[in-house]
Amino acid sequence: ISSESQQDIDNVAALVSKLPTRHGWLLQSFVLYKNYWITPLILQSIMRIQTSFKPRHDDIILASNPKCGTTWMKALAFTITNRSRYELGTSNHPLLSRHPQELIPFVEVRHDTNGDLINYLDTLPSPRLLATHMPLSMFPESISGSRIVYVCREPKDAFVSLWNFANKTTGKEHNIDLESGLDMFIQGFSPYGPFWEHCLEYWRQSISSPDRILFLKYEDMMSEPVKHVIMLAMFLGVPFSAKEEEDGVPEDVVRLCSFEKLSNLHANQSGEAFRTHNMGFDKSAFFRKGVVGDWVNHMSEEMGRKIDCIMEEKLRGSGLVL
Ligand code: A3P
């Protein structure tokens with residue numbers, strides 16, 4: 001009964017035909033819906049979620065702009081919340097054999113293999129860990145009670161990561177050059193962009209509802225991972241006991257979820273993490289370098305300044321510095 005009707009699909013198609021459209025990323029068309037660039041297929045899912053998603057009081061949502069540390073956050077949140085079921089150090093820990101993207105689904109990304117999106121989300125056991133790239137303003141009212149962890153990233157690094165990822169996914173013949181990618185990015189045209197609006201919405205909400213939204217930065221997590229893992233466990237309602245801290249469990253979580261460890265696992269090196277609407281996303285594409293400041297190896301100072309300028313302008317007065 002809850003599956004998508006032809007009427008729903010027609011309604012979205014009618015809406016899409018009236019929206020501004022652009023091409024440039026991932027061989028997809030993007031439409032500007034409520035001030036964000038998303039694909040018509042994501043829009044279709046979002047409409048569906050708005051009406052049919054059944055939230056649970058213990059849902060946890062991991063939110064981010066693409067390429068800001070989603071995979072890492074998925075690994076950390078999974079490991080922390082499941083540590084009594086899957087002890088760290090055991091050889092059958094799911095992270096050793098499955099990609100973090102497979103362990104936590106995106107709310108709005110329908111996988112080709114999962115059938116109907118809402119029915120699939122309904123089958124997941126509680127407490128559900130869900131991920132999203134949706135801007136906060138597109139969440140259905142019904143999710144407004146869930147706890148959210150948002151991870152953001154320094155925008156020059158995020159852009160370089162996006163550009164590499166997009167080119168890797170579409171293949172050489174469709175590669176976009178760095179200049180064109182940069183132009184699109186600073187115009188606010190990136191998947192789920194404008195990048196800054198996405199960050200700002202979550203930032204503002206994290207200030208007014210700190211118990212509900214934990215706002216984290218990739219760079220801070222990189223420089224003090226243990227501290228952040230402890231903070232994350234607390235926020236997720238599963239704090240480490242004194243004994244666990246004494247035994248170095250937070251450090252073990254950091255090690256298991258590190259770029260080094262995950263990117264070297266056979267399970268994360270070949271095949272697709274998921275496939276959505278006939279576009280496959282390689283497991284290895286989610287692990288590139290995993291360092292802070294890699295933008296300097298791709299962009300000139302001048303290009304970097306373009307991103308700095310737009311960010312400064314857009315974030316001014318918000319208290320958020322990226
Ligand atoms: P780079 O392209 O800069 O290397 P997302 O998961 O949101 O798609 O983000 C991908 C970025 O996070 C990539 O950045 C990727 O290498 C990095 N990443 C993936 N796993 C990581 C981990 N365990 N620790 C730190 N960074 C990680």
- For segment 123-167, what D do you get in µm² per second when you plug the Kirkwood radius from alpha-carbon pairs into Stokes-Einstein at 20 °C and 1.002 mPa s? 161
- Task: Would you calculate the separation in nanometres between label points at residue 97 and residue 220, each defined as 7 Å from the Cα along the Cα-to-beta-carbon direction?
- Result: 3.7
- Task: For an R0 of 35 angstrom, estimate the FRET efficiency from the Cβ-Cβ distance between residue 86 and residue 204 and round to the nearest 0.05.
- Result: 0.45
- Message: Give me the one-decimal nm value for the distance between modelled label points at residue 124 and residue 34, 7 Å along each residue's Cα-to-Cβ direction.
- Response: 1.9
- Would you work out the charge dipole size for the chain about its Cα centre, treating the Cβ of every Lys and Arg as +1 and the Cβ of every Asp and Glu as -1, and quote it to the nearest 20 debye? 320
- Which lysines have a Cα less than 25 Å from the Cα of residue 67, not counting those fewer than 8 places away in the same chain? 34, 156, 168, 172, 217, 227, 261, 283, 289, 306, 314
- Note on the structure: What the Cα atoms of segment 272-322 span along the principal axes, largest first and in whole Å, is 40, 26, 17
- Query: Once Rh for segment 27-144 is found with the Kirkwood sum over Cα pairs, what is the Stokes-Einstein diffusion coefficient at 4 °C and 1.567 mPa s, in µm²/s?
  - Reply: 84
- Task: Just subtract the alpha-carbon distance of residue 21 and residue 289 from 0.36 nm times their residue separation and send over the number in nm, one decimal.
- Result: 93.3 nm
- Query: In debye to the nearest 20, how big a dipole does segment 125-247 give about its Cα centre with +1 on each Lys and Arg Cβ and -1 on each Asp and Glu Cβ?
  - Reply: 300
- Message: Quick check: residue separation of residue 309 and residue 264 times 0.36 nm, minus the Cα distance between them. What number comes out in nm?
- Response: 12.5 nm
- Message: Name the residue from 291, 131, 311 whose Cα lies farthest towards the positive end of the charge dipole of the chain, charges +1 on Cβ of Lys and Arg and -1 on Cβ of Asp and Glu.
- Response: 131
- Message: Translational diffusion coefficient of the chain at 10 °C, 1.306 mPa s, Stokes-Einstein with Kirkwood Rh over Cα pairs, in µm²/s as a whole number.
- Response: 78
- Note on the structure: So, for the Cα atoms of segment 238-322, Rg and Dmax in Å stand at 19.2, 51
- The alpha-carbon pair-distance distribution computed for segment 38-104, with 10 angstrom bins and whole-percent values, is 17, 37, 33, 12, 1
- Item | Computed [θ] at 222 nm, helices only, for the chain once each DSSP H run of length n ≥ 4 contributes -39500 (n - 2.57) | -13000 deg cm²/dmol
- Note on the structure: Of the residues 61, 44, 3, the Cα lying farthest along the dipole of the chain towards its positive end, which is defined by charges on the beta carbon of Lys, Arg, Asp and Glu, belongs to 3
- Put in order of increasing Cβ neighbours within 10 Å, starting from the fewest, 199, 257 give 257, 199
- Query: Among 210, 187, 225, which residue has its Cα positioned farthest towards the positive end of the charge dipole of segment 185-311, with +1 placed on the Cβ of Lys and Arg, -1 on the Cβ of Asp and Glu, and the dipole taken about the Cα centre?
  - Reply: 187
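None of the figures in this text is laboratory data; all of them are computed from the coordinates on show. As the structure is a prediction and not an experimental result, all values here were calculated from the model. Here Cβ is always computed from backbone atoms with ideal geometry, including for glycine, and neighbour counts include all displayed protein chains.
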